[in-house]
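Q: Pasting in a structure now, in structure tokens, and then I'll have a few things to ask.
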Amino acid sequence: MPKVHSLTFNPFQENTYVLEGLGKSCFIIDPGCLEHHEEKELVNLIENNGLTPIAVVNTHFHLDHVFGINYCKKKWDIPLFGHELASFTLSFNEQAAKMYGFQGFTPVQSPDRLLAHGDQLDLDGEFLDIVHVPGHCKEHIAIIDRTENWVNAGDVLFNGSIGRTDLPGGDMATLENSIREELYTLPDHYVVYCGHGPATTIGAEKYSNPFVRAD
Ligand SMILES: [Zn+2]
Ligand SMILES: [Zn+2]
């Protein structure tokens, strides 16, 4: 039963998650650590819990979710997992870094393992489901733990909000469809871990989200 740890990093207040397996392996989800003290915070969390990272898994590849990828890959010598459409968003990262004034941004290479809708991630013998939820960007995936009843929805669905659709590859109708078909079909009590802000539940958003509500 994977345990979820969370940290908040960088000026975009991005949530980075560490999923701890029963055998103390872990996945690092969306490492957004940018400053040295943020990298140290992530290392401390992993070391203090006696965890062994086995891969970085990204829900998507917007700048605020990729700052720590190269650091993690090198530090633990682990691969990057991400959706097969990742390279489209990755190709805009340098431009975005310049626009926001981040000096010395090192581009992130395409994922070492490409994920597709319906794939599963093995964490110490327990399985997490991958679903494709485009609309905020082309390559966005959500990670579902059907044993512990939660979904990591990245920047697709937030507590009282939804992801923006004005960046390259974004599309409102596609986003709404992803939320309705892949998230609102989950049981109401499922916890939703978000890329920004506090967690919520499927039920809370389904019945009160001002942007996409259940029919
Ligand atoms: Zn995003
Ligand atoms: Zn984000």
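Q: Over 20 Å between C-alpha atoms is what I'm after, so list which of K3/K138; K24/K73; K40/K73; K3/K206; K24/K75; K40/K74 land there.
A: The pairs that break the limit, which is 20 Å between Cα atoms, are K3/K138; K3/K206.
Q: If you don't mind, there's one more thing I want to ask. Arranged from highest to lowest average of other beta-carbon atoms within 10 Å per residue, in what order do the peptides 82-91, 121-130 appear?
A: Descending packing order for the listed peptides: 82-91, 121-130.
Q: In whole Hz, with x marking every Gly and Pro, tabulate ³J(HN,Hα) for region 177-191 from phi via Karplus 6.51 cos²θ - 1.76 cosθ + 1.60, θ = phi - 60°.
A: Values, residue by residue: 5, 4, 5, 5, 7, 9, 9, 5, 8, 7, x, 4, 7, 4, 7 Hz.
Q: I've got another one for you. Please give the calculated 222 nm ellipticity per residue for the chain, where each DSSP H segment of at least 4 residues contributes -39500 (n - 2.57) and the sum is spread over every residue; nearest 500 deg cm²/dmol?
A: -6000 deg cm²/dmol
Q: Which of the aspartates and glutamates could a cross-linker span from K98 if the Cα-Cα distance has to be under 14 Å and same-chain partners fewer than 8 positions apart are dropped?
A: Candidates past the 8-residue exclusion: D64.
Q: Here is a further query. Largest first and to the nearest Å, give the Cα extent of region 1-106 along each principal axis.
A: Principal extents (Cα only, largest first): 41, 31, 22 Å.
Q: With both partners inside region 3-208, how many of the DSSP beta bridges are antiparallel, as a percent to the nearest 5?
A: Given both bridge residues lie in region 3-208, the antiparallel proportion sits at roughly 65 percent.
Q: Which order do peptides 171-181, 60-70, 191-201 fall in by mean Cβ count within 10 Å, highest first?
A: 60-70, 191-201, 171-181
Q: Quick one: length gained pulling Q13 to E181 fully straight, 0.36 nm per residue minus the C-alpha distance?
A: Result: 57.7 nm gained on full extension.
Q: Next question, about the same structure. How large is Rg/Rh for the chain, to two decimals, with Cα atoms and a Kirkwood Rh?
A: 0.94
Q: Right, here's the next one. Determine ³J(HN,Hα), in whole Hz, for all residues of region 136-146 in sequence, where each value follows from phi through the Karplus function 6.51 cos²θ - 1.76 cosθ + 1.60 and θ = phi - 60°; x replaces Gly and Pro.
A: Computed from phi, the couplings for region 136-146 are 6, 7, 5, 9, 5, 10, 10, 10, 10, 10, 7 Hz.
Read the figures in this text as sums done on the coordinates, not as results from a lab. The shown structure was predicted, so the numbers you read here are calculated from the model rather than taken from an experiment. Methodologically, a virtual Cβ is constructed for each residue, glycine included, from the backbone with ideal geometry; neighbour enumeration extends over all protein chains shown.
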